[in-house]
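Engineer: The structure follows.
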Amino acid sequence: MELQFYGATQRVTGSCHILRAAGRTLLLDCGLIQGKKEEEALNRSSFPFDPSSLDAVVLSHGHIDHSGRLPLLVKHGFRGPVYTQQATIDLCRVLLLDSASLAESDAAYRRKQPETRKDLHAEPLYTREDALRALETLSGMPYHVKKEILPGISVRFQDAGHILGSACVEVWIEEGGVTRKLVFSGDLGQYGSPILKDPDAIDEADAVIVESTYGDRLHRELPETLAEIGGIIGSACDRCGNILIPAFAIGRSQELLYLFAQNFDAWNLERWQVFLDSPMAIEASRIYWDYPELYDEEALLFRNGHKGMPLLKNLHMTSRADQSQAINSIRTGAIIIAGSGMCNGGRVLHHLKHNISRPECSVIITGYQAEGTLGRQLVEGAEQVTIHGTSLPVRATLHTIGGLSAHGDQDDLLRWLGGFRSNPSVYVVHGDEEVKKIFRQKIMDKLGLAASIPQAGEIIDLASLKK
Ligand SMILES: [Zn+2]
């Protein structure tokens, strides 16, 4: 009865843990490593197990850093079921196919490079066909229903409040008369965030694996964030420019549309045209609007009052490239939500090119910007940036909104951990090195729980944990 840590230990991405118990092997998540080129190359290295020997996978949510290596797992022989929340299956269809398309076009680009660069892999990491095969293995489960998925191993999903369908996973393991319970947080959302419910409280576990992305800091409260956005839109309106919002397709884009609808009058939005300029965000929005049963009470009331979503009368969902290009000719009164969220690719680059040097325009950054991205340069106050090979002065006004994160802050994470009444051993993963250390100390000081930071490959004997 052992748990082995494999991914999201040395880095934030690539979530993956291995459970061996009752003669079976189960994987918790199978995420893609994202970041610098040399780190992403690790996605091509083989798994530390034979994929055909795995009995099942449990997937916490759809984000690529949790689900993105599933096509590789299937390609290399995994034939078992992947259990996940039903909405996650729908989001995975969008995310995994997009990930495969990116890998295919990346490989096609590399194949065109001169001979001297043949060190680059010619094959895509995986293809759309691989992704489709992986999607066939997904098996949907509702929240709050316990199911024996393998002899001696049962799981139950609790709402994690992070993105649609996101789950904290409870795992009961029975072996040779010994029973242990493991809880895997997946990614945890903020309490009180728009649209989704709060993370469910769980009170019993012997061992808890917890994420720590923002374990070292506190987010701004939602009412302050809303006042901030309203203020930015007001002053942008006075300057008669456009507003660009680089946003992640899943979660952030839907939250923004929802907040716009809720604050339509207060923010004078009828003076604007709002563009959702991302095929992936448009698809994800349709999925979000299809799952009212997963909304919190406020969002459900709002949706019922408006007979459905999306709710903005001046919203344009521009899927096609020509529709997107047409936005470039608009000089004033456009709010443009486009990906990528960190401005390291995608349609937002075209919009930045047309607006970043115009002092009457505004850019609102709503999420984490990794080192090396254009978004990070903007946040750090760059005066000049290069987009598609053209150097441009930054004259638009930059705003950073911190309060809309899909990840809970330190207080949120401690609140969720504080729900356990059984003194579990806590394992801190999915965070930067320094952040994990700070958060581990907080867990010990504030909650009095034993907490550790596992290394990649480390094995925990679950049966030996004190009851
Ligand atoms: Zn996530």
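The values are calculated or read from the model by the stated rules, or taken from the named source; none is laboratory data. Being a predicted model, the structure only gives us computed values, none of them experimental. Ideal geometry is used to build each Cβ from the backbone, glycine not excepted, and the neighbour counts take in all protein chains shown.
Engineer: Checking the conditions here, which among Leu392, Leu352, Leu417 is within 21 Å of the chain's Cα centre (by Cα) and either in contact (Cβ under 8 Å) with a residue 24 or more places away in the chain or not assigned by TED's automatic domain parsing to the domain that holds Ala167 (or both)?
Structural biologist: Details: Leu392 fails: within 21 Å of the chain's Cα centre (by Cα); Leu352 fails: within 21 Å of the chain's Cα centre (by Cα).
Every option except Leu417 fails the conditions.
Engineer: Would it be correct to say that Ile209 is touching a strand residue (DSSP E or B) at 6+ places or on another chain (Cβ under 8 Å) and under 29 Å from Gln273 (Cα atoms)? First the steps, then the outcome.
Structural biologist: On the way: touching a strand residue (DSSP E or B) at 6+ places or on another chain (Cβ under 8 Å): yes; under 29 Å from Gln273 (Cα atoms): no.
Answer is no for this residue.
Engineer: Just name the residue that is nearest to the ligand (Cβ to nearest atom) out of those in the range 419-449 that are in a loop (DSSP other than H, G, I, E, B), more than 13 Å from Ser185 (Cβ to Cβ) and out of contact with any helix residue (DSSP H, G or I) (no Cβ under 6 Å at 6 or more places or on another chain). Step through it out loud before you land on a result.
Structural biologist: Kept after step one, since they are in a loop (DSSP other than H, G, I, E, B), are these residues of the range 419-449: 419-424, 430-432, 448-449.
Filter again for more than 13 Å from Ser185 (Cβ to Cβ), leaving 421-423, 432, 448-449.
Those still in the list that are out of contact with any helix residue (DSSP H, G or I) (no Cβ under 6 Å at 6 or more places or on another chain) too: 421-423, 432, 448.
Working: Arg421: 27, Ser422: 26, Asn423: 28, Asp432: 16, Gly448: 28 Å.
Looking at residues that are in a loop (DSSP other than H, G, I, E, B), more than 13 Å from Ser185 (Cβ to Cβ) and out of contact with any helix residue (DSSP H, G or I) (no Cβ under 6 Å at 6 or more places or on another chain), I get Asp432.
Engineer: Right, here's the next one. Report, by residue number, each residue of the range 299-328 that is surrounded by 15 or more Cβ atoms within 10 Å (Cβ to Cβ) and among the small types (Gly, Ala, Ser).
Structural biologist: Ala299, Ser324
Engineer: If a residue must be surrounded by fewer than 23 Cβ atoms within 10 Å (Cβ to Cβ) and either basic (Lys, Arg) or in contact (Cβ under 8 Å) with a residue 60 or more places away in the chain (or both), how many such residues does the range 275-286 contain? Before you say what the answer is, go through the steps one by one.
Structural biologist: Our first condition is that a residue be surrounded by fewer than 23 Cβ atoms within 10 Å (Cβ to Cβ); within the range 275-286, this holds for 279-280, 282-283, 285-286.
Pick out the ones that are also either basic (Lys, Arg) or in contact (Cβ under 8 Å) with a residue 60 or more places away in the chain (or both) and you get 280, 283, 286.
So the answer is 3.
Engineer: Does Gln10 meet the test of being surrounded by fewer than 22 Cβ atoms within 10 Å (Cβ to Cβ), more than 16 Å from the ligand (Cβ to nearest atom) and under 20 Å from the mean Cα position of the chain (by Cα)? Break it down into steps so the answer makes sense when it comes.
Structural biologist: Working: surrounded by fewer than 22 Cβ atoms within 10 Å (Cβ to Cβ): yes; more than 16 Å from the ligand (Cβ to nearest atom): yes; under 20 Å from the mean Cα position of the chain (by Cα): yes.
Against the criterion (surrounded by fewer than 22 Cβ atoms within 10 Å (Cβ to Cβ), more than 16 Å from the ligand (Cβ to nearest atom) and under 20 Å from the mean Cα position of the chain (by Cα)), Gln10 qualifies.
Engineer: Just for strands (runs of 3 or more DSSP E) wholly inside the range 22-131: which have at least 3 residues that are away from the ligand (no atom under 16 Å from the Cβ) and surrounded by 24 or more Cβ atoms within 10 Å (Cβ to Cβ)? Don't jump to the end; show me each part of the working.
Structural biologist: Values: elements: 24-28, 56-58, 82-85.
Hits in the range 22-131: none.
Engineer: In the range 375-394, what count of residues is obtained for those that are of a type in the set (Val, Ile, Thr) and within 22 Å of Phe248 (Cα to Cα)? Spell out the reasoning first.
Structural biologist: Going through the range 375-394, the residues of a type in the set (Val, Ile, Thr) turn out to be 379, 385-387, 390, 394.
Then drop every residue that is not within 22 Å of Phe248 (Cα to Cα), which leaves 379, 385-387.
So the count comes out to 4.
Engineer: On to the next question. Given the options Thr213, Thr225, name the one that is polar (S, T, N, Q) and closer than 30 Å to Ser464 by Cα. Please lay out each step first, then the result.
Structural biologist: Details: Thr225 fails: closer than 30 Å to Ser464 by Cα.
Selected residue: Thr213, the only one of Thr213, Thr225 that is polar (S, T, N, Q) and closer than 30 Å to Ser464 by Cα.
Engineer: Please enumerate the residues belonging to the range 329-345 that are modelled with pLDDT under 95 and buried (at least 19 other Cβ atoms within 10 Å of the Cβ).
Structural biologist: Those that are modelled with pLDDT under 95 and buried (at least 19 other Cβ atoms within 10 Å of the Cβ): Gly339, Ser340, Gly341, Met342, Cys343.
Engineer: Which ones in the range 155-192 are more than 13 Å from the ligand (Cβ to nearest atom) and either of a type in the set (S, T, N, Q) or outside the structural domain of Pro81 (by TED's automatic domain parsing) (or both)?
Structural biologist: Across the range 155-192, the qualifying residues are Gln158, Thr179.
Engineer: Take Ala236 and tell me if it is at pLDDT below 95, buried (at least 21 other Cβ atoms within 10 Å of the Cβ), more than 20 Å from His61 (Cβ to Cβ) and not assigned by TED's automatic domain parsing to the domain that holds Ile443.
Structural biologist: Numbers: at pLDDT below 95: yes; buried (at least 21 other Cβ atoms within 10 Å of the Cβ): yes; more than 20 Å from His61 (Cβ to Cβ): yes; not assigned by TED's automatic domain parsing to the domain that holds Ile443: yes.
Judged against the criteria, Ala236 is a match.
Engineer: Checking Asp203 against (1) within 21 Å of Ala451 (Cβ to Cβ); (2) buried (at least 23 other Cβ atoms within 10 Å of the Cβ); (3) out of contact with any strand residue (DSSP E or B) (no Cβ under 9 Å at 6 or more places or on another chain), which single condition isn't satisfied?
Structural biologist: For Asp203, the failing item is (2).
Engineer: On to the next question. Could you check Ile173 against (1) more than 25 Å from Ile250 (Cα to Cα); (2) surrounded by fewer than 21 Cβ atoms within 10 Å (Cβ to Cβ) and say which number it fails?
Structural biologist: (2)
Engineer: Being out of contact with any strand residue (DSSP E or B) (no Cβ under 9 Å at 6 or more places or on another chain) and without any contact (Cβ under 8 Å) to a residue 40 or more places away in the chain is the filter here, so list the residues in the range 434-467 that pass it.
Structural biologist: Residues satisfying the conditions are Asp445, Lys446, Gly448, Ser464.
Engineer: Please tell me if Leu42 is modelled with pLDDT under 90 and either in the same structural domain as Val183 (by TED's automatic domain parsing) or not basic (Lys, Arg) (or both).
Structural biologist: Numbers: modelled with pLDDT under 90: yes; either in the same structural domain as Val183 (by TED's automatic domain parsing) or not basic (Lys, Arg) (or both): yes.
Taking the combined requirement at face value, the residue satisfies it.
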